[in-house]
1. Run lengths n ≥ 4 of DSSP H only: what is the helix-derived mean residue ellipticity at 222 nm for the chain, with -39500 (n - 2.57) per run over all residues, to the nearest 500?
2. For a footprinting-style exposure proxy, rank W578, W445 by other Cβ within 10 Å, fewest first.
3. Calculate the dipole size of the chain relative to its Cα centre from +1 charges on Lys and Arg beta carbons and -1 charges on Asp and Glu beta carbons; express the result in debye to the nearest 20.
4. Give, rounded to the nearest 20 debye, the magnitude of the charge dipole that the range 427-497 has about its Cα centre when Lys and Arg contribute +1 at Cβ and Asp and Glu contribute -1 at Cβ.
5. Taking the Cα centroid of the range 433-462 and of the range 167-215, what is the distance between the two, rounded to the nearest whole Å?
6. For a test of the definition: using alpha carbon positions, the gyration tensor, and the 1.5 limit on a/c, classify the range 362-427 as rounded, prolate or oblate.
7. What aspartates and glutamates could a cross-link reach from K77, if we take a straight Cα to Cα line under 14 Å and drop same-chain neighbours fewer than 8 places away?
8. Could you work out the per residue convex hull volume over the alpha carbons of the range 149-222, in cubic angstrom?
Amino acid sequence: MNRRIKVLLSLTIVTLAVVAGQLFMNAPAVTAAPATTPMYLSPVAMAPNKAGTTIYIVQATANRIDVFDVASEKVTKSIDLGLPLTGLALSQDETKLYVTAAETDGNLRTVDIKTGKITATTRVGHTPMSPVVSPDGKKVYIGNRFGRQGTGVSIGSISVVDLALGKEVKTEHVPREPTAIDISNDGKSLIIANHLPATASDQDYAAAEVTIIDVDGKNDPIKINLPNGAMALRGVEVSPDGKMAAVTHMLARFHLPTTQLERGWMNTNAISLIDVAGKKLINTILLDDVDHGAANPWAIAWTADSQTLCVTHAGTHEISVIDMKALMAKLDKAVAEKKDKEVQNDLSFLVGIRRRLKLAGNGPRSMTIIGNKAYVCEYFTDSMSVLDISPDSRPVAKAIALGPKIAMTPARKGEMFFNDAQLCFQMWQSCATCHPDGRTDGLNWDLMNDGMGNPKSTKSLLLAHRTPPAMITGIRASAEVGVRAGIRFIQFAVRPEEDAQAIDAYLKAMTPIPSPFLVNGELTASAKRGKILFDGVAGCAACHNGKLLTDLEKYDVGTGKESEAKKEFDTPTLVEIWRTAPYLYDGRAVTIVELLKPKYNAKDLHGTTTKLTPKQKADLAEYILSQ
Ligand code: HEC
Ligand code: HEC
């Protein structure tokens, strides 16, 4: 759809006759990429109605919601909202949609399904996603992926929106990037998946947590520790019978040198089951096979009888269909034999209990189950796969195009490769496994580029191509070299040069997200004071200068320990530093304020910080966290 048509149709319902009839159905198989950015759909989230006749689909890059008719398997309407949507929920009376978008000053918007008009806008936090409606239909809970709390702490939060009052009535902080939320059947508890670890990464234990919040606020939030290395939590879903919540995540084996991939040596892919009433972890189960990874588990869906649990694998373009009765029996047996602690390492636990089914498209995200059919939307192919998952079926995924096929730009192709575990030996992981959304997993890895036994914190790839050399030691001349080394030495794959070029194009096209430390896009008074210190007495700008706050040079700033003692490191950019904790090459500092303390800069080798007062340090932190 060209821009003019898009504007004309903005906020109105586009009927099938206009969109599907003229564009989709008569569209040639592949249209040439237009000069402007092509309008990919990129479906990321779905919500079915209770009758299972309609599915509402969030088309993230087309800025609209499509209404999919289950009987005819066609998109019958589009509601164009002109916003980079992240999530949606259907109201209990099914007349409204609650939608969220990737906005710095985020809002929950209520959309009337009949008219396609926004009827209410409620201010919430930064990058809201995963809206969930309370069982009584009176409240909506939202995860704000980014945010701040007090001095120098970058944190996620949950907004509670009272629909009758039309406002946010409560904000509850959670450790880091709440990417998925669900609510218990009694409406009393929120189960929240924090995307990344909020811990230092030079410790023995580093893992993201699940937080359970009591919506009445009577009890303190409960922290559920996942096994060591749990990260990249993407989906959480309470079973229809309300007993269990399943959470998808990776289980990184970050203590091992990255010498091989066999048997999940680097990364395994998992679900954790949580007892909702007992508010505790039941166990963590690996989704991989012994010689065949099931990379990047994303969404979860249950059949109505809670007997089958399905997981989408964003990296391998499959779904897992798990027989829960058999799984629970096997878990009970493991408990009886006191072997339940071993389950999280058992790559054959699901043998005979789970089927892996191939999808038709690339990049599955959200999934919904209606009867015995799974509907899975696929991000990179703008498609929906439909599969019969009944136990005795031999499913072949049917592909439904959700829009016209548009030729991919190199950047889009690169994004697809970056998220694709087919670029990895035995499909254990994608680049996005350690670099979720092109950023960092918050863990340390002992990569082979600079020898063994000296783990380094995963770097965000934002601006990597503009800040050579690459890697904290500067051992790779450029990010281009790093990309090719990643394919070869981390993914153990041989790929054509075009694939690496496409990944370069994707990474170069990434743009920083505005910091949650800015107010209306401006530095706060504290950050302004911090800037004066940064440029002045603290001496930071001697090295962190220019637009990207790095002079691209290497220095010994006194941070190297053990085999890295007296090592020179490549000055990192500070752009989007608010998002990429923990800090320093080994992730020892969880916050910037901590990094400025004498403990980490006793001799003033890393700027002059020992003479700064606590208030000055807070100002300095506020400034760099605003970048
Ligand atoms: C097992 C985890 C892991 C995987 C998988 C992984 N990386 Fe990395 N990557 C890292 C770590 C850790 C660093 C930082 C290493 C250092 O500083 O020495 C890094 C650094 C980089 C850098 C340098 C960035 C800079 O600014 O210096 C690039 C480029 C890069 N990775 C690209 C990729 C690509 C492309 C893939 C997929 C082919 C990939 N990585 C897969 C862990 C990983
Ligand atoms: C002599 C050059 C130099 C000066 C001066 C300097 N830095 Fe750095 N900075 C570096 C280098 C090199 C690193 C990488 C060190 C490491 O990872 O252990 C770094 C790392 C950082 C990091 C961590 C980045 C990350 O992603 O982990 C922050 C934050 C930072 N500096 C802020 C500051 C502040 C604030 C000042 C002033 C008080 C300052 N720097 C002064 C060179 C410098």
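1. -3500 deg cm²/dmol
2. W445, W578
3. 880 debye
4. 120 debye
5. 24 Å
6. oblate
7. Correct list for K77: D66, D69, D112.
8. About 116 Å³ per residue, rounded to a whole number.
Quick note: the coordinates plus some simple rules give every number you see, no bench work behind them. Everything numeric in this text was worked out from a predicted model, so none of it was measured. We place every Cβ from the backbone using ideal geometry, glycine too, and count neighbours over all the protein chains shown.
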